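Nothing in this text is a laboratory measurement; each read-out follows from the coordinates by a stated rule. Remember, it's a predicted structure, so these values are computed and weren't measured experimentally. Note that each Cβ is placed from the backbone with ideal geometry, even for glycine, and that neighbours are counted across all protein chains shown.
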Amino acid sequence: MKDVEHGLIVEKLAGKLQGTVKAPEWAGFVKTGHGKQRPPARNDWWNIRSAAVLLSIQKLGPIGVSKLSVKYGTRKNKGVKPEKATPGSRNILRKILQQLEQGKLIKQAEKGVHKGRIVTNEGIKLITEASKEAKKSVGGK
């Protein structure tokens, strides 16, 4: 997974998540966070965000909605005042996590004092397949 660009893996994984994850009808009109001014320009942004969240859970898990919203946050343009960091939409992340749980790609777990979601074996297999496809498309073995 480290041999290939992260964005290419996300694209391949988003294609594999097509049947598991489905964008709600309101997803075409909603902003992805308080600091954004417009909704996403891509039509398949829900699948792209779902793939990125799945990879983030694999790397950082166990992780919850609050930490993910900080990760997917942005800087809010406040005009003349200095920009300020704002979190991403927790509702979008919550819905994506619920859909990934229904697809049995992630599950809730506790490790010591940390609790949140971790990737299941099925999720790891899907990520591995996507990274192999991405490596092949680049020209690797």
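To the nearest ten degrees, helix 6-16 and the longest principal axis of the Cα atoms of the chain are 70 degrees apart. With angles folded into 0 to 90 degrees, how steeply does helix 45-60 sit against the dominant principal axis of the chain? Use alpha carbons for both and round to 10. Helix 45-60 sits roughly 70 degrees off the main axis of the chain. If R0 is 30 Å, the Cβ-Cβ spacing of GLN98 and LEU8 corresponds to a FRET efficiency of close to 0.65. For region 14-44, list residues with backbone N below 18 Å from a point placed 7 Å from the Cα of GLU129 toward its Cβ? The answer is 14-22.
Between helix 90-102 and the chain, what is the angle of the helix's C-alpha long axis to the longest principal axis, kept within 0 to 90° and rounded to the nearest 10? Value to nearest ten degrees: 20. Against the empirical 2.2 N^0.38 Å (N residues), the chain has a Cα radius of gyration ratio of 1.10. Here THR32, THR86 are placed in order of increasing Cβ neighbour count within 10 Å, fewest first, which gives THR86, THR32.
Fully extending the segment from LEU60 to ASN91 would add 9.2 nm, taking 0.36 nm per residue of separation and subtracting the current Cα-Cα distance. Taking other C-beta atoms within 10 angstrom as a stand-in for reagent exposure, VAL80, VAL70, VAL65, VAL21 fall in the order VAL80, VAL70, VAL65, VAL21, fewest first.
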